[in-house]
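Notes to accompany the following structure.
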Amino acid sequence: MVRKLKRVKDKFPEIPDTGEMKKIIFHSILSYLSKQDGHVSKMEIKDLLFDAISLIPGFRVEWGEIQKFGRSKLLVNYKDKVLILDLEEISNMILKLWDRYLDTHPHHKPHK
């Protein structure tokens, strides 16, 4: 007797909720940076983005192999689709904005 496995239909919509995605990423960045008293590294920002994107319902995230995809590439899987996301520009922009914020808000500079 041959049994067919039932396909489980997931509860995620065909297209993820972009508003929810933005909220999760924005909140994660603000939450992390609000706890910092000084400069952060590019790797900290990249790890933060990795963790934030991983929180989006239905997303599976992993670092892409450097030999295949290059540096700073995330592979983001949603349903049966994969997105290659380059974190280099976004992490640089977040760092520039954070450094500018530190320069204009001296109470966030590291204590000496």
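The values are calculated or read from the model by the stated rules, or taken from the named source; none is laboratory data. This is a predicted model, so every value here is computed, not measured. Cβ atoms come from the backbone with ideal geometry, glycine included; neighbour counts cover every protein chain shown. With ligands, DNA and RNA removed, areas are computed over all heavy atoms of the protein, side chains included. Shrake-Rupley method; radii C 1.70, N 1.55, O 1.52, S 1.80 Å.
Compute the Cα gyration tensor for segment 19-104, then decide on rounded, prolate or oblate, letting a ≥ b ≥ c be the square roots of its eigenvalues: rounded whenever a/c is under 1.5, prolate when a/b is larger than b/c in the other cases, and oblate in all that remain. Oblate. Looking at the chain, identify the longest residue range that excludes and avoids all GluC sites (Glu not before Pro) in DSSP loops having at most 16 other Cβ atoms within 10 Å. Result for the longest clean stretch: 15-64. How far is helix 18-34 tilted off the main Cα axis of the chain, in degrees rounded to 10, range 0 to 90? Once rounded, the angle reads 40 degrees.
Between the helical axis of 42-54 and the dominant principal axis of the chain, each derived from Cα atoms, what acute angle in degrees is found, rounded to the nearest 10? Helix 42-54 sits at roughly 40 degrees to that axis.
Taking 0.36 nm per residue of separation and subtracting the current Cα-Cα distance, fully stretching the chain between Thr18 and Ser41 would add 5.5 nm. Of the residues Ser28, Ser41, Ser54, the one that moves most in a GNM of the chain with alpha-carbon contacts below 10 Å is Ser41. Shown are Lys22, Lys79, Lys46, whose ranking by accessible area with a 1.4 Å probe and every protein chain present, most to least, is Lys22, Lys79, Lys46.
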